[in-house]
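The values are calculated or read from the model by the stated rules, or taken from the named source; none is laboratory data. Note that this is a predicted model, so its numbers are computed, not measured. We place every Cβ from the backbone using ideal geometry, glycine too, and count neighbours over all the protein chains shown.
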Amino acid sequence: MAFVRRKGNSYYLVHNVRRRGKVEQLYLARLGERPHITDDVVREVSRNHPMLELDWSRLREDVNSRVELFDPGSPYVKQLLNSLRLLNLDLADLSPPLLLLPDHGNSGHDLVTQLRLLRSTVDIKLEQFERVKPRALEGNRRYR
């Protein structure tokens with residue numbers, strides 16, 4: 001039976017196998033610091049371990065329920081807040097004219113595309129927070 005295991009700051013998809021009477025963990029895939037079971041992971045594991053029959057829908061459900069946002073002191077929330085702070089600082093330092101230089105190729109266009117995607121994602125999340133209004137966030141405070 002395969003399951004997700006955390007080792008250090010990374011998550012792994014592992015499977016227990018019995019060899020010479022002892023149980024050993026077989027590492028099937030590294031899922032990263034924020035675990036996701038993508039189609040690429042499914043293909044890679046299926047290709048490298050064709051004899052294993054895994055319940056991918058259960059594994060994906062297990063991974064999706066792992067996010068520890070309910071605990072403000074969790075390492076995931078701390079890392080998320082730190083990443084947001086660093087992203088804000090990086091964006092504040094970004095100089096649009098620098099990206100228009102010819103030696104940067106398509107990076108200016110790619111950056112603008114990613115910034116638009118980020119803006120859409122942030123707008124959606126802020127709307128979700130405004131609809132839920134947890135007790136700690138109640139009041140007249142808006143997130144825009």
Filter the stretch 109-126 for residues that are among the hydrophobic types (A, V, I, L, M, F, W, C) and at pLDDT below 85 and give the result. Leu111, Val112
Within the stretch 87-108, how many residues turn out to be in a loop (DSSP other than H, G, I, E, B) and modelled with pLDDT of 75 or more? 2
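When you look at Lys78, is it modelled with pLDDT under 85 and either within 29 Å of Ser10 (Cα to Cα) or among the hydrophobic types (A, V, I, L, M, F, W, C) (or both), yes or no?
So Lys78 passes the test.
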Return the residues of the stretch 28-50 that are in a strand (DSSP E or B) and modelled with pLDDT under 90; say none if nothing qualifies. Leu31, Gly32
Can you tell me which of (1) loosely packed, with under 14 Cβ neighbours inside 10 Å; (2) modelled with pLDDT of 80 or more; (3) not in a loop (DSSP other than H, G, I, E, B) is the one Leu59 doesn't meet? (1)
Given the conditions (1) exposed (fewer than 10 other Cβ atoms within 10 Å of the Cβ); (2) in a helix (DSSP H, G or I); (3) modelled with pLDDT under 90, and given that Arg144 satisfies all but one, which numbered condition is not satisfied? (2)
Please find, among Glu53, Glu130, the residue that is exposed (fewer than 10 other Cβ atoms within 10 Å of the Cβ) and either more than 27 Å from Ser10 (Cβ to Cβ) or modelled with pLDDT of 80 or more (or both). Glu53
